[in-house]
Amino acid sequence: MSATAWLFVAGGAIVAGVGGYFVIARPALLPEDLRYLRRSDGEVEAAIPRLRKWLHLVFIVLGGHMVSTGILTIYVAVSALGDNNPSTVVVLALAGASSVGAMVVVNFQLHSAFRWVLLAALLPWVVAIGSAALSWLS
């Protein structure tokens, strides 16, 4: 397996791992969510009593999509990347941009405490694309 494939596998594993966290452990509201809303925990609970339960279900669905994106990324990287086929790399790059890339952009807009960790999670995708491009030039 090429270095490019391994990097995409790492990126897919990260996405699947974050998705697993969303399904299993992510709280409905983080402290930074309350800061963004400019409301206290009590205010949110009083105004929308079922919000936490609903968000928990939303994060299960979102996490499931992230896990599936990660699994599919790993599968494509292992089975279809081969000799860094440009169309496969483009598909994987678009998957990374629309999943991890979008999450990074939004978390920077929100000034999330996790924005730098998520930016680091984007690194395997960027390096994989660079690795593929270098292989095409040689």
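Values quoted throughout were computed directly from the atomic coordinates according to the rules given, and no laboratory measurement underlies them. None of these values were measured; they are calculated from a predicted model. Cβ atoms come from the backbone with ideal geometry, glycine included; neighbour counts cover every protein chain shown.
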Between helix 86-96 and the chain, what is the angle of the helix's C-alpha long axis to the longest principal axis, kept within 0 to 90° and rounded to the nearest 10? 10 degrees
Rounded to one decimal in nm, the spacing of the 7 Å Cα→Cβ label points at V61 and R39 is 2.0 nm
Restricting things to Cα coordinates, could you compute the convex hull volume per residue of region 40-90 in Å³? 94 Å³
Cβ-Cβ FRET estimate between M1 and L137, R0 fixed at 30 Å, reported to 0.05: 0.90
Identify which of L51, L92, L62 has the largest mean-square fluctuation in a Gaussian network model of the chain, with springs joining Cα atoms closer than 10 Å. L51
Dipole magnitude of region 3-137 about its Cα centre (Cβ charges: Lys, Arg +1; Asp, Glu -1), debye to nearest 20: 300 debye
Under 19 Å from a point 7 Å along the Cα-to-Cβ line of W116: which residues of region 28-71 have their amide N that close? 31-33
Orientation-averaged projected area, Cα convex hull of region 3-137 (nm²): 8.2 nm²
Under the helix-only model (-39500 (n - 2.57) for each DSSP H run of 4 or more, divided by the residues of the chain), the mean residue ellipticity at 222 nm, to 500 deg cm²/dmol, is -25500 deg cm²/dmol
